[in-house]
Every structure is written in C-alpha cells, then in structure tokens.
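The values are calculated or read from the model by the stated rules, or taken from the named source; none is laboratory data. Remember, predicted model here, so these are calculated numbers, not experimental data. Because the Cβ atoms are built from the backbone with ideal geometry, glycine has one as well, and the counts that use them run over all protein chains shown. These accessible areas exclude ligands, DNA and RNA; they are computed on the full protein's heavy atoms, side chains included. Shrake-Rupley method; radii C 1.70, N 1.55, O 1.52, S 1.80 Å.
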Amino acid sequence: MSKIILTGDRPTGRLHVGHYVGSLRRRVELQNSGMFDKIFIMIADAQALTDNAENPEKVRQNIVEVALDYLSCGLDPEKSTLFIQSQIPELCELSFYYMNLVTVSRLQRNPTVKSEIQMRNFEASIPVGFFTYPISQAADITAFKATTVPVGEDQLPMIEQTKEIVRKFNSVYGDTLVEPEVLLPDNKACLRLPGIDGKAKMSKSLNNCIYLSDTEEDVRKKVMSMFTDPNHLQVSDPGKVEGNPVFIYLDAFCKDGMFAEYLPEYANLDELKAHYTRGGLGDVKVKKFLNNVLQEELAPIRTKRKEWEKQIPEVYEILRKGSIAAREVASATLDDVKKSMKINYFDDNALITEQSKKYAE
Ligand code: TRP
C-alpha cells in the first residue's frame with residue numbers, strides 16, 4: 001500500500017516555534033526521507049473560518065504567511081503538494097456524507113472541540129460548522145487516502161474521530177477508506193511547547209509566541225524575557241528544570257554539538273541541568289545559550305523566507321498548482337465513495353439494466 005501523508009494548519013496567524021517542533025520540522029524530515037509516495041500539506045482556510053466567520057480578511061491575509069513559513073522551513077513544492085482547503089469542493093461533499101455516520105453526542109465528547117468551545121466562549125452559541133469540524137477534518141484526511149498524519153498532540157482526538165468514521169464507513173458501505181495513523185513528535189518537549197510566559201500553550205492571543213519569522217533581535221528579546229523557575233532568585237539558589245520553559249525549549253531545540261560551539265564548559269544538556277539544579281548557574285547564562293541555539297535553527301529559515309518574500313506571485317502559483325493536483329486526488333476518492341454508497345447512478349450500468357428488467361417483466 002502507498003504511504004501517504006496529509007497534514008495542515010489553520011491560517012489564523014504566522015507559524016511559531018511550537019508549530020515547528022510539534023510538526024513542521026518533522027514534515028520536512030519525512031519529505032526528505034523519500035519514504036513516502038505522496039505528501040499533501042494543506043492550508044486549512046475553510047476550517048479557520050469555522051471560528052472566524054466574521055473575520056475572512058484575517059484568514060485571507062494569513063494564507064500567504066503560512067505558505068511562506070512552509071517554504072522557508074524547507075517544504076519543497078517539487079516533493080510535497082501544498083494546497084488550499086477551500087479550493088477542493090470535494091471535501092465538502094465527503095463531509096456531508098460522513099455527517100450521517102457521527103452522532104451529536106460523539107462530537108460533544110471530542111476533547112479538542114470541548115476545550116476549544118470553552119476557550120472561545122462558544123458555550124451558549126456554537127456555530128454548527130465549528131461543532132462539526134472534526135467531520136470535515138476526517139474528510140481532509142480520507143480524501144487523500146492518507147496513511148500518516150504528522151500533527152501535534154492536540155490533534156489526537158481529531159485523528160481518533162477520523163478512524164471511527166473510516167471504520168463505520170467501511171463497515172456500512174464496504175472497504176473504501178484508509179484508516180490513518182497519527183505521528184506525534186518523539187521528543188516529549190516537542191509535544192506541547194509552552195509560551196515564553198510559561199503558559200501551557202503558545203497562542204497569538206496570549207502574545208507569548210516566538211514566530212519563525214521573528215527578527216534576530218525579536219527572538220533575543222523574547223528569550224531574555226522568558227519565564228523561568230520563579231524560586232530561582234539568586235545565582236547560588238538551586239533551580240528547577242522541570243516545567244521551566246527555558247529548559248523545555250532547550251530539550252526541544254538543543255543538539256549536543258551546540259555546546260562545543262556556544263557553551264564549552266558543559267558537554268551536554270544533562271550537565272547543564274545538573275548544574276542548574278545544584279545551584280550556582282544563573283538564568284541569564286542559560287538564556288543566552290538558548291538564544292544561540294534558537295538563532296542557529298531559525299537563521300536559515302529567516303534567510304529563506306526573505307528570498308520567498310520577493311516572489312509572492314510564485315508562492316500563489318505554487319498553491320494554485322498544488323490545489324489543482326490535490327483536487328484530482330480528492331475527486332477520485334469521492335468517486336470511490338459514491339460508488340460504495342451506490343449513488344453513482346449514471347456510471348452504474350448494472351442499475352440501469354436492473355431497473356429496465358423490472359419494468360420489462
Ligand atoms: N486542525 C488542524 C489545526 O488546527 C488543521 C487541520 C485541518 C488538519 N485539517 C487537517 C491537520 C487534517 C491534520 C490533518 O492545526
């Protein structure tokens with residue numbers, strides 16, 4: 001069976017380092033591993049509209065931001081199909097049929113939907129489109145017969161729901177859809193990178209993100225202002241590394257070789273952590289190191305972005321071509337689905353013969 005990746009992001013803002021370690025970096029590695037037959041990367045504008053219906057301009061503006069972030073991280077349109085969700089109407093058709101296979105109570109139990117409803121104060125009036133977006137996400141994944149969905153941990157319940165829809169569809173209508181597997185980051189720190197203020201999630205509204213497109217100076221300022229262990233007041237005090245955002249970021253980004261270059265007194269992160277825990281290591285020194293580590297990873301991304309920023313029409317052209325290619329694949333899946341559901345009346349000669357016979361008798 002072919003190995004196919006589908007994943008994507010909502011275009012509600014520029015992508016940040018949480019997106020990067022949570023999924024983006026992995027996608028580029030998978031793309032370059034040559035182990036996949038097809039890779040689809042989707043800008044989920046229709047999904048973004050489910051909770052931004054009154055804000056279409058925000059979604060529209062961020063399409064190109066997300067595309068620039070993709071390209072500057074190394075997603076390569078020669079190897080991966082980059083496309084825009086709303087340009088694939090087949091996804092809506094699939095969603096419409098899948099809606100018959102999911103109950104309201106099942107959607108209400110989806111933990112991601114639950115927490116998002118709370119976050120957005122939707123309790124009293126949830127838009128139907130928002131409530132049902134897990135179903136549309138199942139359409140996104142199954143339309144491409146994706147076997148592998150690399151995402152952050154917060155998306156796990158979505159993939160679970162997709163699997164249920166696939167099983168239900170296949171059991172009712174016969175084997176048609178492919179059950180996907182989720183691919184989470186293997187490094188625990190990457191599962192959910194906290195904000196620079198130590199809050200559990202990096203989010204634009206909390207203003208606690210480091211963006212991939214931040215300047216060198218922005219990144220430095222943000223790192224130097226990062227929250228650490230609040231009880232580590234003096235250099236000599238013992239410090240805590242668990243739950244300390246600076247160390248969580250180091251866990252996510254630091255490679256051993258970086259010590260020789262930027263902090264040769266230590267061989268590796270374990271030694272640095274041991275010193276911090278023991279006491280005698282100041283936050284500023286650790287933050288300066290983290291800044292170097294981050295800059296090393298982000299500098300090439302920033303440089304590439306600058307180049308792509310000069311070629312905006314080409315970026316749209318990549319998305320346009322990608323959307324055409326993606327649509328062909330989704331359309332073939334929709335044909336399979338309609339056939340299995342027996343709503344392919346005009347390609348079904350057996351049906352016409354059968355109905356003719358009925359009246360010939
Ligand atoms: N829900 C994802 C997010 O919020 C975006 C998304 C939409 C997605 N459809 C998808 C991710 C399909 C993976 C597969 O970032």
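So, in Å, what gap is there between the alpha-carbon centers of the stretch 147-202 and the stretch 6-61?
Centre-to-centre (Cα) distance: 14 Å.
Charges on Cβ only, +1 for Lys and Arg, -1 for Asp and Glu, centred on the Cα centroid of the chain; of Phe36, Asn100, Gly13, which one is farthest towards the dipole's positive end?
Asn100
In the stretch 216-308, with Lys and Arg counted as +1 and Asp and Glu as -1 at Cβ, which of these residues, Leu233, Asn291, Tyr276, has the Cα nearest the positive end of the dipole, that is, farthest along it?
Farthest towards the positive end: Asn291.
Between the stretch 298-361 and the stretch 231-270, what is the separation of their alpha carbon centroids in Å?
If we compute the Cα centre of each part, the gap is 48 Å.
Identify the trypsin sites (Lys or Arg not before Pro) of the stretch 108-167 meeting these criteria: DSSP loop state and at most 16 other C-beta atoms within 10 Å of the C-beta. Display every interim value, and only then the final one.
Working: sites: Arg109, Lys114, Arg120, Lys145, Lys163, Arg167; in loops: Arg120, Lys145.
Passing both the DSSP loop test and the Cβ count: Arg120.
Using 7 Å Cα-to-Cβ label points, what is the Asn170/Ala274 separation (nm, one decimal)?
Going from the Asn170 label point to the Ala274 one covers 5.0 nm.
Quick one: of Lys188/Lys288; Lys221/Lys304; Lys58/Lys310; Lys79/Lys163; Lys38/Lys145; Lys222/Lys306, which pairs are farther than 18 Å apart, Cα to Cα?
Values: Lys188/Lys288 23 Å; Lys221/Lys304 22 Å; Lys58/Lys310 22 Å; Lys79/Lys163 27 Å; Lys38/Lys145 10 Å; Lys222/Lys306 21 Å.
Violating the 18 Å limit, Cα to Cα: Lys188/Lys288; Lys221/Lys304; Lys58/Lys310; Lys79/Lys163; Lys222/Lys306.
How many Å² of accessible area per residue for the stretch 216-308, probe 1.4 Å?
On the way: 4750 Å² over 93 residues.
Per-residue accessible area for the stretch 216-308 comes out at 51 Å².
Treat each spin label as a single point 7 Å out from the Cα along the C-beta direction, and report the Glu29 to Ser125 distance in nm.
Those two pseudo-labels are separated by 4.6 nm.
With r as the distance between the Cβ atoms of Lys240 and Glu78 and R0 = 41 Å, compute the FRET efficiency 1/(1 + (r/R0)^6) and round to 0.05. Can you show the working numbers first?
Numbers: r = 46 Å, r/R0 = 1.13.
That pair, Glu78 with Lys240, gives E of 0.35.
Take the Cβ-Cβ distance between Gln118 and Lys358 as r, set R0 to 51 Å, and report the resulting FRET efficiency rounded to the nearest 0.05. Kindly include the intermediate steps, with their values, before the conclusion.
On the way: r = 55 Å, r/R0 = 1.08.
In this case the efficiency is close to 0.40.
Taking the stretch 277-348, which trypsin sites (Lys or Arg not before Pro) meet the DSSP loop condition and have no more than 14 other C-beta atoms within 10 Å? List each step's numbers first, then the result.
On the way: sites: Arg278, Lys285, Lys287, Lys288, Arg302, Lys304, Arg305, Lys306, Lys310, Arg320, Lys321, Arg327, Lys338, Lys339, Lys342; in loops: Lys310, Lys342.
In loop regions of the stretch 277-348 (DSSP not H, G, I, E or B), the sparsely surrounded trypsin sites (Lys or Arg not before Pro) are Lys310, Lys342.
Based on the mean of other Cβ atoms within 10 Å per residue, sort peptides 96-102, 9-15, 54-60 so the most packed one is first. List each step's numbers first, then the result.
On the way: 96-102: 16.6, 9-15: 21.7, 54-60: 12.7.
The packing order, highest mean first, is 9-15, 96-102, 54-60.
Return the carbon/sulfur percentage of the accessible area of the chain, one whole number, probe 1.4 Å, all protein chains in place. Don't skip to the end; give the middle numbers.
Values: 9370 of 17880 Å².
In the chain, the share of accessible area belonging to carbon and sulfur is 52 percent.
Quick check: the angle from helix 269-278's long axis to the longest principal axis of the chain, C-alpha only, nearest 10 degrees?
For helix 269-278, the angle is close to 50 degrees.
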